[in-house]
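Chemist: Below are the structure tokens for one structure; questions will follow.
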Amino acid sequence: MTEELRSIRWTGTAVRIIDQTALPHTLSYLDIEDVDGLVGAIRRLAVRGAPALGAAGALGVVLAMRQAGREGWAADRLAEEIGRLRVARPTASNLAWAVDQVEPLVAEGEAVVLEAALRVVADDEAANREIGRRGADWILERVARRPVRVLTHCNAGLLATTAWGSALGVVRELRDRGQIGLVYVDETRPLLQGARLTAWELEQESIPHLVQVDAAAASTILAGKVDVAIIGADRIAANGDTANKIGSLGVAIACHYAGIPFVVAAPESTVDLGTPTGQGIPIEMRDASEVVSWLGVPTAPASSGAHNPAFDVTPAGLVSVLVTERRTVEPAKGERPEQRPVPAAS
Ligand code: MRU
């Protein structure tokens, strides 16, 4: 199943995404053919997760060019629409990164842009496979217990990437090596990416897991039930500070207190050397309705507002290791992504 599922692909005429808002009950697809459709899908999290957003951004430039042809846009309108796509969600660096990979090729024509966009997609899958191998190696060298019991937060699986997953890529690799134990899945308030998406992915492959409320994570870790926490990332600053789904910081603090590794698995496209520290990472604030209501039913007094940051920043000192497709960096030991040259891709 994992081999066939793609969160996002190019059909020849449209960007086809799995509609992540319909999971876990329905596996359905949306074919998107214009910029408005794609920006809307990104904003309502029908496609989400940093690397999947990158793929959407790259393919979205192709959609924008086609729409420009159909509707007779001038060059400045095309640039404006691509710009709208680039900032549809602000925290994940992959979205802007991927748009920036392909937009400079617009003058060379659609075929060249499409080829570059498809390369972004293919490179992400290859990156995830390598992240899985490197992450599993790192963990198996340091965690004595077998099988390895994992805690994860949000969804950094095949849905959040183009295939295989970053954090869940490491889990899948551990499974393939016969070393995966129970996976604790934080439900991930307020939109339940853990319960709806991560649990769905694990269930598809019969990987043993338990969904828990986010508030249970610290006590599960301190009770000694977890050997390692593995999460993805939306943006990694040059010093190793890491933005990921709100609640990741609490998991990192609990891991530090318990003395277990906190592993961040992400492609190099998530590393943003242009942002020196986590203080410079833009944190998306989302609508209050996500917090004070559920499926349209109010869960708080009508006059209550909500504080709803979508992400938090884990300081580098709490990150045991950053695993990318090219390297492992150990910020908790003082290593910083900016200090180590990235080995060239083979
Ligand atoms: O708001 P979301 O669901 O897009 O947040 C996604 C996350 O925080 C993921 O953990 C992150 O993008 C890594 S995905 C491989």
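Chemist: Considering only the range 80-103, state which residues are among the small types (Gly, Ala, Ser), in contact (Cβ under 8 Å) with a residue 12 or more places away in the chain and assigned to a helix (DSSP H, G or I).
Modeler: From the range 80-103, those among the small types (Gly, Ala, Ser) are 83, 88, 92-93, 96, 98; that's our starting set.
Those left that are additionally in contact (Cβ under 8 Å) with a residue 12 or more places away in the chain: 88, 92-93, 96, 98.
Those that are among the small types (Gly, Ala, Ser), in contact (Cβ under 8 Å) with a residue 12 or more places away in the chain and assigned to a helix (DSSP H, G or I): SER93, ALA96, ALA98.
Chemist: Out of the range 277-296, which residues are open to solvent by 70 Å² or more (accessible area, probe 1.4 Å) and either among the aliphatic types (A, V, I, L, M) or within 24 Å of ALA127 (Cα to Cα) (or both)?
Modeler: Those that are open to solvent by 70 Å² or more (accessible area, probe 1.4 Å) and either among the aliphatic types (A, V, I, L, M) or within 24 Å of ALA127 (Cα to Cα) (or both): MET285, LEU295.
Chemist: Let me ask another. Is there any pair with a first residue in the range 323-346 that is open to solvent by 60 Å² or more (accessible area, probe 1.4 Å) and a second that is at pLDDT below 95 whose Cβ atoms are under 8 Å apart and which are 6 or more apart or on different chains, and what are they?
Modeler: ARG326/VAL342; ARG326/PRO343; ARG326/ALA345
Chemist: Still on this model: If GLY240 meets every condition in (1) under 12 Å from LEU318 (Cα atoms); (2) within 11 Å of the ligand (Cβ to nearest atom) apart from one, which number is that one?
Modeler: The one condition GLY240 does not meet is (2).
Chemist: Sticking with this one: Answer yes if at least one residue in the range 104-118 is part of a helix (DSSP H, G or I), among the charged types (D, E, K, R) and more than 22 Å from ILE8 (Cα to Cα), and no otherwise. It would help to see each step written out before you state the result.
Modeler: From the range 104-118, those part of a helix (DSSP H, G or I) are 104-108, 110-118; that's our starting set.
Then keep just the ones that are among the charged types (D, E, K, R); that gives 108, 110, 115.
Narrowing further to those that are more than 22 Å from ILE8 (Cα to Cα): 108.
Within the range 104-118, one or more residues are part of a helix (DSSP H, G or I), among the charged types (D, E, K, R) and more than 22 Å from ILE8 (Cα to Cα).
Chemist: If only one of ARG16, ARG66, ARG48, ARG9 is assigned to a helix (DSSP H, G or I), among the basic types (Lys, Arg) and in contact (Cβ under 8 Å) with a residue 12 or more places away in the chain, which one is it?
Modeler: Going through ARG16, ARG66, ARG48, ARG9 in turn, just one is assigned to a helix (DSSP H, G or I), among the basic types (Lys, Arg) and in contact (Cβ under 8 Å) with a residue 12 or more places away in the chain: ARG66.
Chemist: What's the total number of residues in the range 93-142 that are hydroxyl-bearing (Ser, Thr, Tyr) and in contact with a Leu (Cβ under 8 Å, 6 or more places away or on another chain)?
Modeler: Total meeting the criteria: 0.
Chemist: Considering only the range 289-322, how many residues are more than 24 Å from ARG43 (Cβ to Cβ), touching a Ser or Thr at 6+ places or on another chain (Cβ under 6 Å) and without any contact (Cβ under 8 Å) to a residue 12 or more places away in the chain?
Modeler: 0
Chemist: For residues that are free of Cβ contacts under 8 Å to residues at least 60 places away in the same chain and crowded, with 20+ Cβ neighbours inside 10 Å, scanning just the range 19-38, find the one that is nearest to the ligand (Cβ to nearest atom). Before you say what the answer is, go through the steps one by one.
Modeler: Residues of the range 19-38 free of Cβ contacts under 8 Å to residues at least 60 places away in the same chain: 19, 21-22, 25-38.
Keeping just the survivors that are crowded, with 20+ Cβ neighbours inside 10 Å gives 32, 35, 38.
Working: ILE32: 17, VAL35: 19, LEU38: 15 Å.
In this case the residue turns out to be LEU38.
Here's the yes/no breakdown for (1) acidic (Asp, Glu); (2) within 16 Å of the ligand (Cβ to nearest atom):
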| residue | (1), (2) |
| --- | --- |
| ARG44 | no, yes |
| ALA50 | no, yes |
| ALA55 | no, yes |
| ALA64 | no, no |
| GLY72 | no, no |
| GLY83 | no, no |
| ASP100 | yes, no |
| GLU115 | yes, no |
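Chemist: Still on this structure, please answer the following. Any residue in the range 254-263 that is within 16 Å of the ligand (Cβ to nearest atom) and in contact with a Cys (Cβ under 8 Å, 6 or more places away or on another chain)?
Modeler: Yes, some residue in the range 254-263 is within 16 Å of the ligand (Cβ to nearest atom) and in contact with a Cys (Cβ under 8 Å, 6 or more places away or on another chain).
Chemist: While we're looking at this one, here's another question. Since GLY317 meets every condition but one in (1) touching a helix residue (DSSP H, G or I) at 6+ places or on another chain (Cβ under 8 Å); (2) crowded, with 16+ Cβ neighbours inside 10 Å; (3) part of a helix (DSSP H, G or I), which condition does it not meet?
Modeler: Going through the list (1) touching a helix residue (DSSP H, G or I) at 6+ places or on another chain (Cβ under 8 Å); (2) crowded, with 16+ Cβ neighbours inside 10 Å; (3) part of a helix (DSSP H, G or I), GLY317 breaks only (2).
Chemist: Just to verify a result, which residue in the range 264-305, among those that are within 22 Å of ASP100 (Cα to Cα) and of a type in the set (Val, Ile, Thr), is farthest from the ligand (Cβ to nearest atom)? Before you say what the answer is, go through the steps one by one.
Modeler: Filtering the range 264-305 down to residues within 22 Å of ASP100 (Cα to Cα) leaves 266-278, 280-284.
Adding the requirement that they be of a type in the set (Val, Ile, Thr) leaves 270-271, 275, 277, 281, 283.
Details: THR270: 7, VAL271: 13, THR275: 16, THR277: 19, ILE281: 12, ILE283: 11 Å.
Going through the qualifying residues, I end up with THR277.
Chemist: Could you list, in sequence order, the residues of the range 36-57 that are under 14 Å from LEU191 (Cβ atoms) and of a type in the set (Gly, Ala, Ser)?
Modeler: ALA46, GLY49
The values are calculated or read from the model by the stated rules, or taken from the named source; none is laboratory data. Bear in mind the structure is a predicted one, so any value in this text is a computation, not a measurement. Quick reminder, even Gly has a Cβ in these numbers, built from the backbone with ideal geometry, and neighbours come from all protein chains shown. When the accessible area is computed, the model is the full protein with side chains, heavy atoms only, and any ligands, DNA or RNA have been set aside. Shrake-Rupley method; radii C 1.70, N 1.55, O 1.52, S 1.80 Å.
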